[in-house]
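Worksheet: the structure to be examined is printed underneath.
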Amino acid sequence: MQTLRLNKTTIWGRLPAFLFCAAVLLSATPRVFAQSDDPLVARRTATDLLSRIHQAAQQQNYEGAFVYQRGNFVQTSRIVHFATHSDGEFEQLESLDGKPRKMLRHNDEMYTFIPERHLCVVEKRQNKDSFPALLAGSSDQVMSVYEPKLLGDDRVAGIDSQVVELDPKDAYRFAYKLWADKKTGLLLRAQTLDPSGQVLEQLSFSQISIGVPVDTTPIANGIHNIAGWTVVKPPVEPVDMEAQGWQIDPTVPGFHKIRELRRPMASADPSGPPIPVDQAVFSDGLAAISVFVEPVEKNTRKEGAGSSGATHVLVKRQGDFWITLLGEVPQATLQQFASAIEYKAP
């Protein structure tokens, strides 16, 4: 199989669904933590901490700068988040490196601004587990496939934090190390670790203020003042892939399907109609795997596999379709998923 290289352009150059990945500052010196050896205490504490992390990302008012690092790639972004009783959530995410990008969000309505093209992409938020949120499933789902290890206290960006490591119970996923604010539970740093304990990816606040005064006016004004911008609303709709003839029944433990979507993709032929691309997303609560299915076109695509940081990709052809698997899991996990994909024409 040909080896593929994942595109290492900035996160803001990817599809909007991936815009939220962003943050990292690797520690220069190793830290020694106090550990808890009682598995029941560790499980109970970790379960509670995961829930607090997810709630804090949605309910706390905070602003700060965070860094995403994957190998030699580093991207810094700034985030502002407000939670109101009357109007829900408001958020602004802005790239501080490379080409300017800005995302404004009110609840699930997202507006992504691309200044050099004077383009504004408007879409519904599909995932609610982007940093500093975490869970795509329940804490119990996570604990069924990860073993928690309490690592005591530390400090991140000047804030006292509680540290937990979630080690996989099998070889189908990576380990995670999390730092959460002891007071609010807000996630301050997240590392993805390979089986040897090396950091594959990291997201970390370099500066953060929690409990800031609420001022949603700049975000609301930015959302409402899009006159002069070319507004694009990509048509995204639910799809029943089983009704399309696809059977995806992976035997990998812990992963459950969380959504199925259809997006149009531009045809290689400029005069041709858009190509439907179906996506099924599976999650074990922390790691996610996407399975993309699209018709074969006249192009030079080849089967292959590749990786960048914790993210692996696998491309296979099945009859008249390309199957692309993408996820923050080992390559063997994608191979296992791929072996469980069958197509029977409806």
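Tell me which residues, restricted to the range 215-250, are outside the structural domain of Arg105 (by TED's automatic domain parsing) and buried (at least 18 other Cβ atoms within 10 Å of the Cβ). Val239, Met241, Trp246, Ile248, Pro250, listed by residue number.
Evaluated against (1) more than 20 Å from Tyr62 (Cβ to Cβ); (2) touching a residue at least 40 places away in the same chain (Cβ under 8 Å), Pro115 falls short on exactly one condition, (2). Summed over the range 251-293, the residues that are crowded, with 16+ Cβ neighbours inside 10 Å and small (Gly, Ala, Ser) give a count of 7. Close contacts from the range 260-286, counting a first residue that is touching a residue at least 24 places away in the same chain (Cβ under 8 Å) and of a type in the set (Val, Ile, Thr) and a second that is buried (at least 17 other Cβ atoms within 10 Å of the Cβ) and not in a loop (DSSP other than H, G, I, E, B), with Cβ to Cβ under 9 Å and a gap of 6+ residues or different chains, come to Val281/Glu260; Val281/Leu261; Val281/Ala288; Val281/Ile289; Val281/Ser290; Val281/Val291. Pick from Thr216, Thr230: which is of a type in the set (Ser, Thr, Tyr) and touching a Ser or Thr at 6+ places or on another chain (Cβ under 8 Å)? Within the list Thr216, Thr230, the selection yields Thr216.
What's the total number of residues in the range 66-82 that are part of a strand (DSSP E or B) and surrounded by fewer than 18 Cβ atoms within 10 Å (Cβ to Cβ)? Here the count works out to 3.
The C-beta contact set for the range 71-95 (first residue among the acidic types (Asp, Glu), second residue part of a strand (DSSP E or B), distance under 6 angstrom, 6+ apart or interchain) comprises Glu89/Ala83; Glu91/His81; Glu91/Arg105; Glu94/Arg78; Glu94/Lys102. Annotation: of all residues in the range 192-214 being more than 17 Å from Ala56 (Cβ to Cβ) and not polar (S, T, N, Q), the one that is surrounded by the most Cβ atoms within 10 Å (Cβ to Cβ) is Glu201.
Residues that are farther than 23 Å from Gln336 by Cβ, outside any strand (DSSP E or B), touching a Lys or Arg at 6+ places or on another chain (Cβ under 9 Å) and of a type outside the set (S, T, N, Q): does the range 158-167 have at least one? No, every residue in the range 158-167 fails to be farther than 23 Å from Gln336 by Cβ, outside any strand (DSSP E or B), touching a Lys or Arg at 6+ places or on another chain (Cβ under 9 Å) and of a type outside the set (S, T, N, Q). Here Pro250 meets the list (1) touching a Phe, Trp or Tyr at 6+ places or on another chain (Cβ under 6 Å); (2) over 24 Å from Asp170 (Cα atoms) almost entirely, failing just condition (2).
Put simply, of Asp284, Asp278 the only residue that is within 23 Å of the chain's Cα centre (by Cα), closer than 23 Å to Met143 by Cβ and of a type outside the set (Val, Ile, Thr) is Asp284. With respect to (1) in contact with an Asp or Glu (Cβ under 9 Å, 6 or more places away or on another chain); (2) in a loop (DSSP other than H, G, I, E, B); (3) outside the structural domain of Gly309 (by TED's automatic domain parsing), the lone exception for Pro253 is condition (3).
Of all residues being touching a strand residue (DSSP E or B) at 6+ places or on another chain (Cβ under 9 Å) and part of a loop (DSSP other than H, G, I, E, B) in the range 136-157, which is farthest from Gly64 (Cα to Cα)? Just the residue, please. My answer is Val145.
The values are calculated or read from the model by the stated rules, or taken from the named source; none is laboratory data. All values reported here derive from a predicted model rather than from experimental measurement. Don't worry about glycine lacking a Cβ; one is built from the backbone with ideal geometry, like all the others, and counts go over all protein chains shown.
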